[in-house]
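All remarks here apply to the structure that follows.
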Amino acid sequence: MATRIQAVPPLTLPRSERRAPPCALVVFGASGDLTHRKLMPALFKLRAAGSLTEHSAVVGVARRAWNADGFRAEVRAALAEFASRGVEPRDWEAFAESLDYVSGDFEDPATYKKLASRLAELDRERGLEGTRLYYLATPPSEFATILHRLDQAGLVSKPKVSPWSRVIIEKPIGRDLESARALNTLVARVLDESQTFRIDHYLGKETVQNLMVFRFANSIFEPLWNRKYVDYVEICAMETVGVGARGKFYEETGVLRDIVQSHLLEVQCLVAMEPPTTGDADDIRGEKLKVLHGLRQEGPDTIDRNLVLGQYRGYRDEPGVSKDSVTPTFAALRVFIDNWRWQGVPFYLRAGKKLAKRVTEVSLHMQPVPLCLFGREDVCERIEPNVLALRIQPDEGIYLRFASKIPGHDVAVGTVAMDMKYTEAFGGEPPEAYERLLLDAMRGDATLFSRRDAVEASWAWITPVLDYIDKNPPRDFPNYEPGSWGPERARELMRRDRRAWSEL
């Protein structure tokens with residue numbers, strides 16, 4: 001049984017409050033897949049919505065020997081393929097006018113001289129006053145070179161000095177604790193932490209941001225958000241696709257680095273954090289850090305019990321994948337947070353590729369009722385514990401399951417599902433994650449970006465697990481069929497606790 005949810009129309013902020021200040025956004029790696037699929041469609045939508053002013057400029061930097069017109073043609077083709085809605089000629093003309101391009105090798109100082117000269121021209125033409133946002137849409141191996149060359153060319157201003165300079169760094173930040181620390185140390189030689197925006201596109205999703213709003217704007221839920229009322233929590237990120245053309249990249253990362261460390265731990269922090277003192281970015285990020293510090297460290301004697309890994313049949317035949325690969329494409333974990341709020345409550349994390357359904361969801365399973373008051377055994381057996389689920393993607397929304405009497409002369413208990421869908425409640429599709437994150441970086445709002453200490457804390461927790469797997473590689477790969485829910489051992493992980501994964 002389902003009920004329809006009616007949402008109160010949201011307050012619309014004045015357009016001026018939603019606009020980013022004028023700046024030059026410089027994208028290193030402008031010929032790459034990320035720029036074409038995500039960055040340019042997001043920037044185009046922001047410009048069409050008026051969130052970017054007509055003075056802002058977007059400058060691509062890559063090795064391809066394009067000029068500005070060639071870059072515009074590439075962007076136009078990318079929008080035709082990847083923009084979520086049609087490209088109106090008037091909107092395209094306004095956006096194209098802001099696009100520029102600098103060709104050159106990232107290691108060559110001459111590239112940065114050309115970039116500095118073009119940015120100076122844009123400052124004069126558009127009145128940008130030297131404000132810069134650099135996006136490193138490149139492999140991490142390029143970060144050091146780009147940052148040092150920017151610094152040598154005088155293209156990065158000192159922190160908290162006008163005009164401002166900021167840098168967005170695309171995840172992954174390292175591949176273990178040692179490499180993450182080395183990368184962060186390198187970044188810190190050039191940038192202040194306040195200038196560094198480590199981007200995780202999961203945190204830009206509308207429904208991930210709603211985790212905080214749902215918890216802290218609804219007084220009926222926050223008092224229940226603890227070990228007294230919550231039996232266990234599920235966080236899942238399931239995909240139906242395989243690795244495709246990303247086989248070489250995936251061989252170096254695997255599901256634990258690609259999804260669990262990069263994304264699911266961030267979501268878990270939002271679910272489990274304490275209420276911040278204020279809404280300031282550092283207060284919120286400080287509370288998230290406390291969750292990471294509270295994660296119970298796994299040891300060799302507990303990893304096998306709390307971790308299930310899988311690899312889909314056919315992964316070893318993907319381009320760029322070793323024929324005897326032991327890289328996991330599926331992981332299920334049981335995780336505990338040793339603090340006052342969550343002591344003893346298991347968090348079950350599940351992520352994988354080539355599974356039965358594409359869905360990302362957080363589910364809070366509440367404690368069962370302590371005593372059945374309705375006498376008959378058959379009635380009591382039908383009472384299911386309450387479940388509160390927040391669907392992150394697709395079909396974004398909130399689901400609440402509770403018990404109710406079925407009308408009739410006898411006592412019969414049924415389950416009711418209240419199901420709110422974003423598209424029905426508010427109209428239209430939620431904005432893409434990169435739209436929000438790019439806008440926030442231009443505004444200087446770091447709330448949805450990862451701080452150095454949090455990145456290193458998450459790696460500190462998962463690196464011993466990765467080291468254990470390297471020393472004790474799985475011997476049963478491949479161990480699940482494409483289109484299934486993963487290996488059988490994942491179900492055993494829940495059955496041992498007399499639980500079962502949610503039917504998604």
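Each value in this text was obtained by applying a stated rule to the coordinates, not by laboratory testing. Not measured: the values here are computed from a predicted model. Cβ: placed from backbone, ideal geometry, glycine included. Neighbour counts: every protein chain shown.
Using the Kirkwood radius built from alpha carbon pairs, what does the Stokes-Einstein equation give as D for the range 293-360 at 25 °C and 0.890 mPa s, in µm² per second? Walk me through the numbers before you get to the answer.
Details: Rh = 14.2 Å.
The diffusion coefficient I find is 173 µm²/s.
Hey, what angle do you get for helix 452-471 against the long axis of the chain, alpha-carbon based, 0 to 90 degrees rounded to 10?
70 degrees
How tilted is helix 281-294 with respect to the longest principal axis of the chain? Cα atoms for both, answer in degrees (0 to 90, nearest 10).
50 degrees
Quick one: of the DSSP bridges fully inside the chain, what percent are antiparallel, nearest 5? Spell out each step's value before the answer.
Numbers: 40 of 74 bridges.
Counting DSSP beta bridges with both partners in the chain, the antiparallel share is about 55 percent.
From the phi angles alone, apply the Karplus equation (6.51, -1.76, 1.60; θ = phi - 60°) to the range 178-191 and give each ³J(HN,Hα) in whole Hz, x where the residue is Gly or Pro.
After applying 6.51 cos²θ - 1.76 cosθ + 1.60, I find 4, 5, 5, 5, 5, 5, 5, 5, 4, 4, 5, 5, 9, 10 Hz.
Which lysines have a Cα lying under 25 Å from the Cα of Lys354, excluding residues fewer than 8 positions away in the same chain?
Lys38, Lys171, Lys205, Lys248, Lys323
Would you mind calculating the gained length between Arg37 and Trp340 on full extension (0.36 nm times residue separation, minus the Cα-Cα distance), in nm to one decimal? Working shown, then result.
Details: separation 303, 0.36 × 303 = 109.08 nm, distance 4.28 nm.
Residue separation times 0.36 nm, minus the Cα-Cα distance, leaves 104.8 nm.
Apply the a/c threshold of 1.5 to the C-alpha gyration tensor of the range 156-208 and tell me whether it is rounded, prolate or oblate. Walk me through the intermediate numbers first.
Working: a/c = 3.36, a/b = 1.17, b/c = 2.88.
Here the range 156-208 falls in the oblate category.
Determine, at each q value in 0.12 (inverse angstroms), the log₁₀ of I(q)/I(0) that the Debye formula gives when each Cα of the range 56-180 is one equal point scatterer.
Log10 of I(q)/I(0), two decimals: -0.54.
Taking the mean number of other Cβ atoms within 10 Å as a proxy for protection, how do you rank 197-205, 495-503, 39-47 from highest to lowest? Walk me through the numbers on the way to the answer.
Values: 197-205: 22.3, 495-503: 11.4, 39-47: 24.4.
Going by the mean number of other Cβ atoms within 10 Å, highest first, we get 39-47, 197-205, 495-503.
Regarding the range 203-495, what whole-number volume in Å³ per residue does the convex hull of its Cα atoms give?
Numbers: hull volume 48.2 nm³, N = 293.
Roughly 164 Å³ of hull volume per residue.
Rounded to the nearest angstrom and ordered from largest down, what semi-axes does the equivalent ellipsoid of the chain get from its C-alpha gyration tensor (root of 5λ)? Write out the running numbers ahead of the final one.
Working: eigenvalues 352, 150, 94 Å².
Equivalent-ellipsoid dimensions as semi-axes: 42, 27, 22 Å.
Return the inverse of the average 1/r over all pairs of distinct C-alpha atoms in the range 148-237, which is the Kirkwood hydrodynamic radius, in Å to one decimal.
Working: mean 1/r = 0.0597 Å⁻¹.
Every distinct Cα pair counted, the radius reaches 16.7 Å.
Could you run the Karplus curve 6.51 cos²θ - 1.76 cosθ + 1.60 with θ = phi - 60° over the range 147-156 and give me ³J(HN,Hα) per residue in whole Hz, x for Gly and Pro?
So the J values, rounded to whole Hz, are 5, 5, 5, 4, 5, 5, 7, x, 9, 10.
Take peptides 452-460, 186-194 and line them up by average Cβ neighbours within 10 Å, highest first, as a rough protection proxy. Don't jump to the answer; show the numbers that get you there.
Working: 452-460: 21.2, 186-194: 15.7.
Listed from highest to lowest mean packing, they are 452-460, 186-194.
Restricting to DSSP H runs of at least four residues, report the calculated mean residue ellipticity at 222 nm for the chain, -39500 (n - 2.57) per run over all residues, nearest 500 deg cm²/dmol. Walk me through the numbers on the way to the answer.
Details: 16 runs with 172 residues, N = 504.
Value at 222 nm, helices only, nearest 500: -10500 deg cm²/dmol.
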